Amino acid sequence: MRWQFCFSLADWVSWRQSIFSDEDSTPMKIHFSASTHDVAQDRLDRLVARYGQQDIDTADCIVALGGDGHMLHVLHETLDRNLPVFGLNCGRLGFLMNHFASDELPERIAGAESAPIHPLRMTVTGADGSTHTALAINEVSLLRQTHNAAHIRVEVDGKHQVEELVCDGILLATPVGSTAYNLSAHGPVVPLGAGLLALTPISPFRPRRWRGALLGETATVCLSVLEPDFRPVSASADSTEYRHAAKVEIAQAHDITLRLLYDPGYSLAERAITEQFRV
């Protein structure tokens, strides 16, 4: 399946003006989505009582209540709706979320900054010859399924870069995902808008000195699993997993633009820069 939509800065300005063009304009139509956690559910009840619950088919925007996991769930579930998403943190970290506050929510949304995001498109060829496609907002990751280390050939834009990577796995992260699993695997933080993707090995054993690479956002990455029967590997696009992968091809889905909304001064780009100076 191939989605055919995008969103420009001019579209964003036009959307904001259409929501609050004058004092007599129709109130913003918000669809609320909350995780199953008690805190998120309690806040959902309070916000719906105050602002109402709009059906998603007629909503102007989505407000996601929860943590980063719920934000990813909402983005995946609403890919074809082309609606901006404003996250309110009800969890612990909430890197993708705004601070929770119930006051003046429509005004916050109308004054928010937009962060356009392009997911990764993963195409998996299984050991049995089957083919599967999925989208990743954070990262595409390959992980060994057994006690045997994975042996993976790394190819970028048709050129073999690592003939045999012996490791627990490898991942390709978007700028949004660079502060998640990628950072835990000692990969670099990639600021939003840098035009880069992070290719990071997971517990690499050989080559001993290779610790990954920064690739241009137009790069196509092909990861071939060597000895897939003896050394089985799973491939995941965020939470969508396919086991017994033989080959995984990854490229940025430039035909899809997701819109995350942030309070001014609290954007993903600014937080990514701040993250690089944490000690």
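The values are calculated or read from the model by the stated rules, or taken from the named source; none is laboratory data. No experiment lies behind these values; they were computed from the predicted model shown. Every residue, glycine as well, gets a Cβ built from its backbone with ideal geometry; the counts of neighbours run over all protein chains shown.
Filtering region 46-70 to residues that are assigned to a helix (DSSP H, G or I) and in contact (Cβ under 8 Å) with a residue 60 or more places away in the chain leaves only 68. Residues in region 8-24: is at least one at pLDDT 55 or above, part of a loop (DSSP other than H, G, I, E, B) and in the same structural domain as residue 100 (by TED's automatic domain parsing)? Checking region 8-24: not a single residue is at pLDDT 55 or above, part of a loop (DSSP other than H, G, I, E, B) and in the same structural domain as residue 100 (by TED's automatic domain parsing).
Listed conditions (1) surrounded by 15 or more Cβ atoms within 10 Å (Cβ to Cβ); (2) at pLDDT 50 or above are all met by residue 45, apart from (1). Among the residues of region 69-94, those identified as more than 15 Å from residue 261 (Cβ to Cβ) and under 16 Å from the mean Cα position of the chain (by Cα) are 69, 70, 72, 73, 76, 77, 79, 80, 93.
Among 91, 69, 111, which is the only one that is in the same structural domain as residue 266 (by TED's automatic domain parsing), surrounded by 17 or more Cβ atoms within 10 Å (Cβ to Cβ) and not basic (Lys, Arg)?
91
Checking 96, 135 one by one, the residue that is within 26 Å of residue 232 (Cβ to Cβ) and touching a helix residue (DSSP H, G or I) at 6+ places or on another chain (Cβ under 8 Å) is 135 and no other.
Looking only at region 218-260, filter to residues that are aliphatic (A, V, I, L, M) and over 17 Å from residue 174 (Cα atoms); which one of those is surrounded by the fewest Cβ atoms within 10 Å (Cβ to Cβ)? Filtering region 218-260 for residues that are aliphatic (A, V, I, L, M) and over 17 Å from residue 174 (Cα atoms), the one surrounded by the fewest Cβ atoms within 10 Å (Cβ to Cβ) comes out as 226.
Listed by position, the strands (runs of 3 or more DSSP E) contained in region 98-153 that have at least 3 residues being among the polar types (S, T, N, Q) form an empty set.
Conditions (1) small (Gly, Ala, Ser); (2) within 19 Å of the chain's Cα centre (by Cα); (3) at positive phi, marked per residue:
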site: 181; (1), (2), (3): no, yes, no
site: 200; (1), (2), (3): no, yes, no
site: 205; (1), (2), (3): no, no, no
site: 222; (1), (2), (3): no, no, no
site: 237; (1), (2), (3): yes, yes, no
site: 250; (1), (2), (3): no, yes, no
site: 261; (1), (2), (3): no, yes, no
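Selection within region 158-180: residues that are in a strand (DSSP E or B) and touching a Ser or Thr at 6+ places or on another chain (Cβ under 9 Å). The member of this set that is surrounded by the fewest Cβ atoms within 10 Å (Cβ to Cβ) is 167. Residues that are over 20 Å from residue 210 (Cα atoms), at pLDDT 95 or above, among the small types (Gly, Ala, Ser) and surrounded by fewer than 18 Cβ atoms within 10 Å (Cβ to Cβ) are absent from region 141-157.
Only one entry in 141, 102, 114, 130 is among the polar types (S, T, N, Q) and closer than 18 Å to residue 170 by Cβ, namely 141.
Return the total of residues in region 121-136 being crowded, with 24+ Cβ neighbours inside 10 Å and within 18 Å of residue 181 (Cα to Cα).
Adding up the residues that qualify gives 2.
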